[in-house]
1. Taking the 0 to 90 degree range and rounding to the nearest ten, how far is the long axis of helix 72-81 tilted relative to the main principal axis of the chain, both from C-alpha atoms?
2. With the dipole of the chain worked out from charges on the C-beta (+1 for Lys and Arg, -1 for Asp and Glu) around the Cα centre, which of G228, G468, T23 lies farthest toward the positive end?
3. Size of the dipole of the chain about the Cα centre, Lys and Arg at +1 and Asp and Glu at -1 on the beta carbon, nothing else charged, in debye to 20?
4. Is the shape of the stretch 139-202 best called rounded, prolate or oblate, per the rule: a/c under 1.5 gives rounded, else a/b larger than b/c gives prolate, else oblate, with a ≥ b ≥ c the square roots of the Cα gyration tensor eigenvalues?
5. To the nearest 10 degrees, how steep is helix 497-534 against the longest Cα principal axis of the chain, on a 0 to 90 scale?
6. Set the bar at 29 Å for Cα to Cα. Now go through K458/K542; K17/K47; K164/K239 and name every pair that lies beyond it.
7. What's the magnitude of the charge dipole for the stretch 292-494 around its Cα centre, counting Lys and Arg as +1 and Asp and Glu as -1 at the beta-carbon? Answer in Debye, nearest 20.
8. Quick one: putting +1 on the C-beta of Lys and Arg, -1 on the C-beta of Asp and Glu, what dipole do you get for the stretch 1-133 around its Cα centre, in Debye to the nearest 20?
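What follows is calculated from the coordinates using simple rules that are stated; it is not laboratory data. These numbers were taken from a predicted model, which means no experiment stands behind them. Please note: Cβ atoms are built from the backbone with ideal geometry, for glycine as well, and neighbour counts cover all protein chains shown.
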Amino acid sequence: MGLNYYKIKKNVLKARKLVIKGTIAAASGHPGGSFSMAEIMGCLFNKYLRFDPKNPLWEDRDRLILSKGHASPGLFSNLAVAGYFDPSEIETLRKFGSRLQGHPDLKCPGVEFCGGSLGLGLSYSIGNALAAKIDGKSHRIYTIIGDGESDEGQVWEAAMAAAKFKVDNMTVFVDRNFIQQDSYTEKIMPLDETLEGDDLSEMWRDASRWKLSDKWRAFGWNVIDIDGHRIEQIDHAIKKANQTKGVPSIIIARTIKGKGVEHMEDNPQWHGKAPKPEMAPIINAELESQFMIAPSIIAGDMSNLENEVKRCAEGRADYIHLDVMDGVFVPNTTFDHTKIKQLRPLTVIPFDAHLMINEPVKHVRDYVDAGCDIVTVHTEVCDESSFGEIKDVLQQNQVGVGLAINPDTNLPQWSHKFIADLDQLIVMSVVPGKSGQKYIESSHEKTQNLVKILKDNKFEGTIEADGGVTLDNVGQCFVDGARAFVGGSAIIGQKDVRGIIREFRNAILKSRRRLLIQKANELGGTELVNNWISLHVIGEKKNQLIQIAKELGFN
Ligand code: DX5
Ligand code: ZN
């Protein structure tokens, strides 16, 4: 059974956009702490929590306790996406008579705990977990506490109690975003080491400063440290926590407050403030343009693919692009599902399998069993019937559905009915068969033309640019509409994978910032451009944006 990675990503985006809609409608609320826990919530609601939105009090439901109750927009948005109530209700946030108040209360279906007065949720969770054990019930308790919340002494009393009573039917997350109320946690009451300046990267660049995990271990807990925005890491941590018996488990999720919107990220101002209405379209455009880097390992040492996977992991790749070639659909052969199965245990990073093989319908199950997170097949060797079968097999197994087209192929008419189901469309920008080829320039226009067809057919997936993508053309590939970028010779072919991936991210980021400035200008001229740029008060972002605006003639 797959991770369901792509469905989770899609629903996390929907939830973030609802947080923006709700806090703007209320002209108040907590977007920062809603965004830092967004992927955690997405994993819980779309993979782990057992619940029935039509029967919110089902006695065997899993319980989700949001102890950091001020992040209620992050909870309500996920409840809406999960079907507890119509998403439009989010616009009643904090209004008199609404079920959606500034802090959760039991009037709202799906809410288990009236969080808000910090420090209490963990104790309440332990009570729930012990009651479940006494009643012989198998449901689980999931709890999210804040790092700033951990200043409350009751958290540590609960930590002791959970260890004493061996509360192992409860999985706790710390949303470790390093910001509380109006400043940085490590300046107010350090959980790790004191933060001298305002440069948060000082805190997480050097793991030797991390003390919070040691605190929980000292209290007798099983502790798992993760990147709290990597869905695959959250999934793996929950699995490990839920398998751990005899001791309580806590997942310390390193997160970014305001994650997803650059001017909110790591900015204490967005702990409890709503965006201005005129910023909504720009913020939504930014949320919709998150991007992923997918190194193609066949550009590395084919005799040691294990090492190539490790290089991707060390390089912080978002996906690992696995080019399967059968020597029939394309002249070369690379590897097949048996190799992928061997590589799977090496990393939790999503496997992005690109099948350049004939008769994919005969083999798709092998790639599901091998642990691929998405399987992409070529339209050139499918028809409506066979692709329909492939889609069903993948969806039934919670694996992403991908379709690929060669440079000289367009989307065939039969494929249009499947566009709304696609998680990914690979637009080949080289003739498939090997890495190291030159980008076919006409692919830019082809991708731009495809965006309209996809939009008209309710595409909610990602366009992946695959073939000859380099630092020089990746910015344009982003402008064309691609949001996933395969890098074979340009990434894996390089010595410093981590360095080159960082350069790719910076090149794409610059391209995205240009697009957002252009959007601001379309919507509100240089005044809105300048107002939006002025929101970026952390680090060097503002100067970088001013420079881009100047290049565009908007400043
Ligand atoms: C080609 C493959 C591509 C290729 C990418 O058939 O589908 O993924 O390996 O490598 P570069 O980026 O070097 O073209
Ligand atoms: Zn490929």
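1. Here the helix axis deviates by roughly 50 degrees.
2. Farthest towards the positive pole: T23.
3. The dipole magnitude comes to about 940 debye.
4. prolate
5. Its long axis makes an angle of about 70 degrees.
6. Over 29 Å apart, Cα to Cα: K458/K542.
7. Here the stretch 292-494 has a charge dipole of around 260 debye.
8. 360
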